[in-house]
Amino acid sequence: MNDVAKEPWLSVIGIGESGVEDISKFGWSLLAQAEYILGGARHLAMVPDDLAPEAERIVWPSPLSEVFARLKRLRGKKVVVLASGDPMFFGIGGTFSRHFPWEEVRVLPFPSSLSFAASRMGWPLNKTTLLTIHGRNPAALLPHYLPGAKLLILSKDGTSPATVAKQLVERGLEQASISVLEHLGGDEEKIIASNATAIAAGGDAFRFADLNVIAVSLPQEMPFWLPVTPGLPDDAFDHDGKMTKRDIRASAMAKLAPRPNALLWDVGTGCGSIAIEWLRAHPTCRAVGIEPQEKRRAYALHNAEMLGVPHLRLLNGTAPDGLRGEEAPDAIFIGGGLSADVVNFCLKALKPGGRLVAHAVTLGSEQLLLNLYQSHGGDLTRLSIAKAEPVGPLHGWKSAMPVTQWVFLKQ
């Protein structure tokens, strides 16, 4: 016989602009019985003094990470957390899911501000890109600036609309439509519709409330944009000439097969082209690059910021020593520093089911890949790219150095 499930001790209640008035009867009963109520000062002030008068009220600590140890000490007590909107949508509920067994938690969601914004704009949520810069680097918005895209962006504060507008102007999108939706669902709800140029310029007409959502509608015709598929143009990266070129890079990415939440080791990161393409494949992808040259690390960090993946983690060192103690990866790319020691270390570190892709351009490193292919199997491919270039008044083929590619899937 199965044990009867225990009642969750940690309740997370989403509230809207109108505060606790929107809480369900069940939510009110949880608050009335609470021994501890946790939330922002604004949320706690909404709770009537005569409701659960014995409950200890706790304001979110700074840094937020301190709250998890404190809550774990309260395990078994009746704890209520007040949060904005839907706690499972860019909210504290998702964070709690990484720290507590989910059978100990209950969530009572309220419509998120992005749901309200979609209803005001007439944009179906399933056809709209939902983003946030609350507690995140605004550079992460950059991959989403695509022709015809509609974006709903959860702001950090009243300065966020100008930040987004300036990004758009820098990319030649001065006339992109921007609507700033304030205090959604409350008595002070307001919508300010304009364009990137006007909002970037600022002025008294464009002072926004801290509680706002930014709706961006991008034109069908854009002067510059980058695809989400692998194989970005080489000139999208700052580099010193030593990089995995576009066609070869697209092949490597197809073999690495990025997927949600997967971790890549990029060995010999160079300007970061492989790691950056991996991170752009899905917002939850992670990458650790290792590169001994300071100049190339600077290129990689700059490229990651400019191409919308500022969360690239970069190590100063060489493999294998610089990677010892790192989390086991789901995929590994070796584009520089190829040696038997590096490959053997990486093969041991790679998770079962993980993929390793290694490139060689010299005869010595090509021989190493041949030996690995003969001893471990996998796929060995020679990639040769030629591009048409002028030859006097005519055109001919100019070949790049061929690249030998070894792909191994760990069983």
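The values are calculated or read from the model by the stated rules, or taken from the named source; none is laboratory data. A quick note: this is a predicted structure, and the numbers were derived from the prediction, not measured. Cβ placement follows ideal geometry from the backbone for every residue including glycine, while neighbour counts extend to all protein chains displayed. With ligands, DNA and RNA removed, areas are computed over all heavy atoms of the protein, side chains included. Shrake-Rupley method; radii C 1.70, N 1.55, O 1.52, S 1.80 Å.
Restrict the check to region 236-256 and report whether at least one residue is in contact (Cβ under 8 Å) with a residue 40 or more places away in the chain and farther than 30 Å from ALA386 by Cβ. No: zero hits. Take HIS311 and decide whether it is open to solvent by 20 Å² or more (accessible area, probe 1.4 Å) and touching a Cys at 6+ places or on another chain (Cβ under 9 Å). No, not satisfied.
Residues that are of a type in the set (A, V, I, L, M, F, W, C), in contact (Cβ under 8 Å) with a residue 60 or more places away in the chain and outside any loop (DSSP other than H, G, I, E, B) are absent from region 312-330 altogether.
Let's see how each residue does on (1) surrounded by 20 or more Cβ atoms within 10 Å (Cβ to Cβ); (2) touching a residue at least 24 places away in the same chain (Cβ under 8 Å); (3) part of a helix (DSSP H, G or I):
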residue: SER62; (1), (2), (3): no, no, no
residue: PHE89; (1), (2), (3): no, yes, no
residue: VAL107; (1), (2), (3): yes, yes, no
residue: PRO111; (1), (2), (3): no, yes, no
residue: GLY135; (1), (2), (3): no, no, no
residue: PRO147; (1), (2), (3): no, yes, no
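Of the residues making up region 241-271, those that are more than 15 Å from LEU356 (Cα to Cα) and open to solvent by 60 Å² or more (accessible area, probe 1.4 Å) are LYS242, LYS245, ARG246, ASP247, PRO260, ASN261.
Only residues that are of a type in the set (D, E, K, R) and farther than 16 Å from LEU218 by Cβ were counted in region 111-129, giving 1. Quick check on GLN167: is it within 21 Å of PRO219 (Cβ to Cβ), touching a helix residue (DSSP H, G or I) at 6+ places or on another chain (Cβ under 9 Å), in a helix (DSSP H, G or I) and free of Cβ contacts under 8 Å to residues at least 60 places away in the same chain? It is true that GLN167 is within 21 Å of PRO219 (Cβ to Cβ), touching a helix residue (DSSP H, G or I) at 6+ places or on another chain (Cβ under 9 Å), in a helix (DSSP H, G or I) and free of Cβ contacts under 8 Å to residues at least 60 places away in the same chain. Scanning region 373-411 for residues that are open to solvent by less than 70 Å² (accessible area, probe 1.4 Å), in contact with a helix residue (DSSP H, G or I) (Cβ under 9 Å, 6 or more places away or on another chain) and part of a strand (DSSP E or B) returns LEU380, THR381, LEU383, VAL403, THR404, GLN405, TRP406, VAL407, PHE408. Where strands (runs of 3 or more DSSP E) fall wholly inside region 193-309, the ranges with 1 or more residues that are of a type in the set (A, V, I, L, M), at pLDDT 95 or above and in contact with an Asp or Glu (Cβ under 7 Å, 6 or more places away or on another chain) are 263-267, 286-290. For region 113-129, the set of residues classified as free of Cβ contacts under 8 Å to residues at least 24 places away in the same chain and within 26 Å of GLY27 (Cα to Cα) consists of SER119 only. Of the set (1) more than 26 Å from MET401 (Cβ to Cβ); (2) open to solvent by less than 20 Å² (accessible area, probe 1.4 Å); (3) in a loop (DSSP other than H, G, I, E, B), all apply to GLY353 but (2).
Residues of region 157-182 that are open to solvent by less than 30 Å² (accessible area, probe 1.4 Å), under 30 Å from PHE110 (Cα atoms) and not small (Gly, Ala, Ser): PRO161, VAL164, ILE178, VAL180, LEU181, GLU182. Residues that are farther than 11 Å from LEU82 by Cβ and in contact with an Asp or Glu (Cβ under 8 Å, 6 or more places away or on another chain) within region 19-43 comprise GLU35, TYR36, listed in sequence order.
Residue pairs whose Cβ atoms lie under 8 Å apart, sitting 6 or more positions apart in sequence or on different chains, and linking a residue in region 45-59 that is assigned to a loop (DSSP other than H, G, I, E, B) to a partner that is among the hydroxyl-bearing types (Ser, Thr, Tyr) and open to solvent by 80 Å² or more (accessible area, probe 1.4 Å), do not occur here.
Assess whether LEU142 counts as being within 18 Å of the chain's Cα centre (by Cα), in a helix (DSSP H, G or I) and closer than 30 Å to ALA205 by Cβ.
Values: within 18 Å of the chain's Cα centre (by Cα): yes; in a helix (DSSP H, G or I): yes; closer than 30 Å to ALA205 by Cβ: yes.
Against the criterion (within 18 Å of the chain's Cα centre (by Cα), in a helix (DSSP H, G or I) and closer than 30 Å to ALA205 by Cβ), LEU142 qualifies.
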